[in-house]
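Structure first, commentary second.
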Amino acid sequence: MESTINNRIVPLVMVGLAFVALPACSEGMGGGGGGPTTSATTGSGTTSSSAASTTSASSSSSASSSSGIVYDQSWTFDTDLQGWKITDATPTTLVDDSTLVVDTTVGNPSPGSAELTIPFSDQLQDVLVSLQLPAAVDLTGKNLVAMIRIDKGIDMMKPSGAVIYAQSGTDYAWCDSGGGTSWTNLISTAWVPVKFSGKAFDPATAGCVLGADGGPSTFDITKIERIGLKIGTGTAEAADPTMPTVVHIDTIGYY
């Protein structure tokens with residue numbers, strides 16, 4: 001089920017629990033540029049906050065959402081970015097040209113979210129937003145999920161997309177929610193869940209990037225060092241850099 005192009009995963013059109021490999025990015029073994037065949041990209045630009053800015057990796061533990069989910073750990077961006085930042089992009093200029101700030105007026109399930117603004121200019125561009133965990137985490141049997149809402153910019157009839165990913169070990173081996181060939185479409189101003197499932201995890205069929213020698217993936221779900229989101233355009237996009245894409249991200253967590 002893996003599909004890689006120059007170590008990049010090309011997302012198609014899928015929401016849910018399937019693992020799909022995305023384009024590999026310079027962030028360790030992660031996925032870089034190369035959006036979905038229907039829409040996607042990476043980044044590490046200005047990181048600030050309209051309310052406050054921080055490099056802290058603080059988060060809330062055992063937090064409950066409005067859906068009744070009890071998270072082992074979650075990041076809700078109520079007042080700061082909690083250590084999340086733009087870390088890679090395709091093209092790399094989007095790292096500095098994109099911004100990530102806190103918006104205290106918008107959120108899911110409550111006000112407070114990370115607002116990502118990206119000046120996409122073409123098809124198959126993407127931006128990565130990630131968090132370096134203070135200690136390795138075991139996601140065996142866990143779900144890693146985030147809520148995302150696209151507000152403006154990319155033509156809503158030509159969906160952009162997103163995957164949530166995890167990276168393990170010192171080589172930051174990559175695996176994601178798209179299974180290597182698909183991603184979750186962002187097609188309206190509604191909040192959309194993007195989920196990576198560690199239940200019945202099998203690296204042979206999940207969206208994991210192959211090892212450096214082209215052999216089996218070195219991804220180890222028991223030793224997750226970094227988690228993140230990849231948001232980008234696809235082949236159907238007609239991005240206009242004068243109308244930056246604005247995306248809100250909230251309630252990233254695992255349970």
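The values are calculated or read from the model by the stated rules, or taken from the named source; none is laboratory data. Model, not experiment: these values are computed from the prediction. Positions of Cβ are backbone-derived with ideal geometry, glycine not excepted, and every protein chain shown enters the neighbour counts.
For the reader, a short list of remarks on this structure follows.
- Test for residue 98: is it of a type in the set (Gly, Ala, Ser), touching a residue at least 12 places away in the same chain (Cβ under 8 Å) and over 19 Å from residue 194 (Cα atoms): yes
- Pairs, first at positive phi in segment 163-189, second modelled with pLDDT under 90 and buried (at least 24 other Cβ atoms within 10 Å of the Cβ), C-beta under 6 Å, six or more apart: 172/29; 179/19; 179/20; 179/207; 180/9; 180/20; 180/21; 180/207
- Candidate set from segment 228-250 (those that are among the aliphatic types (A, V, I, L, M) and over 20 Å from residue 193 (Cβ atoms)); member that is modelled with the highest pLDDT: 243
- If only residues of segment 163-197 that are among the hydroxyl-bearing types (Ser, Thr, Tyr), under 15 Å from residue 228 (Cβ atoms) and outside any loop (DSSP other than H, G, I, E, B) are counted, the one that is nearest to the chain's Cα centre (by Cα) is 165.
- For segment 162-177, taking the residues that are surrounded by fewer than 24 Cβ atoms within 10 Å (Cβ to Cβ) and of a type in the set (Ser, Thr, Tyr), the one that is modelled with the lowest pLDDT is identified as 170.
- Filtered residue count, segment 178-227, keeping only those that are of a type in the set (D, E, K, R) and either modelled with pLDDT of 85 or more or crowded, with 21+ Cβ neighbours inside 10 Å (or both): 5
Each row is one residue, and each column tells you yes or no for (1) under 14 Å from residue 233 (Cα atoms); (2) in contact (Cβ under 8 Å) with a residue 12 or more places away in the chain; (3) touching a strand residue (DSSP E or B) at 6+ places or on another chain (Cβ under 8 Å); (4) surrounded by fewer than 21 Cβ atoms within 10 Å (Cβ to Cβ).
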site	(1), (2), (3), (4)
107	no, yes, yes, no
113	no, yes, yes, no
122	yes, yes, no, yes
132	no, yes, yes, yes
135	no, no, no, yes
148	no, yes, yes, no
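- Every condition in (1) at pLDDT 95 or above; (2) charged (D, E, K, R); (3) more than 18 Å from residue 147 (Cβ to Cβ) holds for residue 122 except the one numbered (1).
- Unmet requirement for residue 94, which otherwise passes all of (1) part of a strand (DSSP E or B); (2) crowded, with 24+ Cβ neighbours inside 10 Å: (1)
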